[in-house]
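Worksheet: one structure, shown below.
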Amino acid sequence: MTSTVVEPIPPGFGREIGGRLRDWVPAIIVFFVAIGLWQGLTTLFDVETFLLPKPSDIAQAFWDDKGTLWDYGVYTFKEAAGGFALGSFFGILMALVLARFRVLGSALLPFAIAANAIPIIAFAPITNNWFGLLNPFSKMAIAAVLCFFPVMVNTLRGLTSVDVRSIELMRSYGAGELATFRSVRIPNSLPFMFTGLKVAAVLSMIGAIVGEYFGGPTNALGVSILNDTQLFNFPRAWAGIALASAFGIVFYGAVALVERLTTSWHPSSRGFRGE
Amino acid sequence: MNVVSIEGLTKSFRTGVTALADIDLDVAPREFVSLIGPSGCGKSTLLRLIGDLVTPTSGTVRVNGKTAHQARVDHDYGIVFQDAVLFDWRTVSRNVSLPLELLGWDRARRKARVAEMLELVELTGFESSRPWQLSGGMQQRVSIARALSFDPALLLMDEPFGALDEMTRERLNLELLGIWEKAQSTIVFVTHSIPEAVFLSTRVVVMSARPGRISETIEIDLPYPRNAMTHEEPRFFELVTAVREALAAGHGGRAFRDAAPAADER
């Protein structure tokens, strides 16, 4: 039969990377222009270091102390990653329970949403108290609570926003709840879940750093940034902030990569490159 | 024994709307029965009652001599909706094998059956395509292959070609007749289209709305195999006219009155 295939075979992985690199070019240009402007303007107007150090000074400060700062960053990142894992795990678990038992969901969800409005970061001094200033778990706890909500809410939405026909189809096969979850609800939720996980990846780094602002071991990045500002070593403080951002961005990127690999079936993976 | 046997069936929704009243309908093996009627006549609801996706308010539905519930649990029917309802996270062949996986067939047996089904709907070569890479007509053929994959005695089709363009629809009508012939199945088919109902069916059940009732049953005595030429036979036109008049009679001249909210559109 003469069929109407609209789409060609999906492009190979190599081409995807190539296409994506091209997509990044404008962003990379903006990045370097912004750094250049920053450098030029701070030099031109002779801006005081405590207000805004020059990028070159920040880079120098990082370079002079790169080993130490890197170790601090890794320490803090481990806290963030631990919190991310814990918070996401319980977020997904909670979403599964609420999606399975709707009554429970309608009873608990309002509280979950209300709890989302709590400025969780304000609890940092309290978790420091609970688990001990020097115990990394005190920072993981803050990061975990921060990660919990976006993962839970997004996953829940993915589990429940299933086309009613899909559910009827599964019913027509006499499939039970478990099979419907496995074959329909969970795969359907994956793109939503990853949206939550990407938000959580960034939040976890913020949670860990803020937790450290309220006290922690001296080999933690947040403590180091705080100490540097108190010692008027602003370029080094900025270098610490830049490193924290870099960890956050890389973490986000790693989650996005896992998303691409596990939900490559999603129509959005086709991308729109104006072809 | 009839494949479908419905007696004194009534369905009211919680809103108080009576979707269906006093439905009696028998479908014999190898029949192709179309349900046709205006929006709100409950034809989709009737299909769902046969499939035990909706429970009746009163009356009985028996499928293959069992309760509709038992028939559903026993995989006695396959269903095709207006949308193909394919899962993007599965390839074409894994979409077709979904019911087989749920039935616990082993991999080799599934693979053989999927190949057989894709050949039946003429989609061999698209095994590893994703649903969104196919045209609407091809997606609907995958959906038909999936519904037939486990050899159900009965195929329920809810306006399966309603969203397709006229040319694709006519081609798929022809293919469906071929599949019906080969698979030796029984089909209950919901449609809005009079020519489609006449072209496909052994019998057309004309329904009227508010409450949904069967107003007339018209035997379609056109010989099989039917083909594109069937559309041009005088008898075809006579039957189309007969169905159209039955529909108008069922409407009771109320055609221009404002339509109440359709009970069969969810």
### Task
Over the whole of B:52-64, what's the average partner chain Cβ count within 10 Å per residue? Rounded to a whole number, please.
1
#### Entry: Rounded to whole Å, sorted largest first: equivalent-ellipsoid semi-axes of region A:73-113, Cα gyration tensor
30, 10, 4
## Note on the structure
Connecting every pair of Cα atoms under 10 Å apart in chain B and solving the GNM, the largest mean-square fluctuation among B:Ser193, B:Ser44, B:Ser208 falls on B:Ser193
### Query
Which of the aspartates and glutamates could a cross-linker bridge to B:Lys111, judged by Cα under 19 Å and excluding same-chain residues fewer than eight apart?
B:Glu101, B:Glu119, B:Glu122, B:Glu127, B:Asp151
### Task
Can you quote the Å³ per residue value for the convex hull of the Cα atoms in region B:118-170, rounded to an integer?
93
### Message
Largest first, please: the extent of the C-alpha atoms of region B:72-148 along each principal axis, to the nearest Å.
### Response
32, 27, 23
### Task
Please work out the Cα center distance from region B:21-57 to region A:227-249, rounded to the nearest Å.
70
### Message
Mean-square fluctuation check for chain A, GNM, Cα pairs under 10 Å: which of A:Pro26, A:Pro125, A:Pro235 is largest?
### Response
A:Pro26
### Task
Determine by what factor the alpha-carbon radius of gyration of region B:110-258 differs from 2.2 N^0.38 Å, reporting the quotient.
1.16
### Message
Need one number: convex hull volume per residue for region A:97-249, Cα atoms only, in Å³.
### Response
124
### Query
Can you give the direction-averaged projected area of the convex hull of the alpha-carbon atoms in chain A, in nm²?
20.2
### Message
With both bridge residues required to lie in the protein assembly as shown, what share of the DSSP beta bridges run antiparallel, to the nearest 5%?
### Response
50
### Projected-area average for the protein assembly as shown over all orientations - Cα convex hull basis, square nanometres
32.8
#### Entry: Dimensions (Å) - region A:179-275, Cα atoms, principal axes, largest first
57, 38, 14
#### Entry: Space enclosed by the convex hull of the alpha-carbon atoms of region A:51-160, per residue, Å³
149
### Query
Hey, what's the Cα Rg ratio for chain B versus the globular rule of thumb, 2.2 N^0.38 Å?
1.00
### Task
Over all directions, average the projected area of the Cα convex hull of region B:12-105 and note it in nm².
8.2
### Query
How do the peptides B:58-64, A:209-215 rank, highest first, by the average count of neighbouring beta carbon atoms within 10 Å per residue?
A:209-215, B:58-64
#### Entry: Max mean-square fluctuation residue, GNM over chain B, Cα-Cα springs under 10 Å, options B:Arg146, B:Arg226, B:Arg109
B:Arg109
#### Entry: Projected label distance in nm at A:Ile249 and B:Phe237, using a 7 Å step from Cα toward the beta-carbon
7.4
### Query
Counting Lys and Arg as +1 and Asp and Glu as -1, each charge on the Cβ, what is the dipole of the protein assembly as shown about the Cα centre in debye, to the nearest 20?
880
### Query
Any idea what angle helix B:166-183 forms with the longest principal axis of chain B, computed on alpha-carbon atoms, 0 to 90 degrees, nearest 10?
70
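FYI, it's all coordinate maths here, none of it is from the lab. These numbers were taken from a predicted model, which means no experiment stands behind them. All Cβ positions, even for glycine, are placed from backbone atoms using ideal geometry, and neighbour counts span all protein chains on display.
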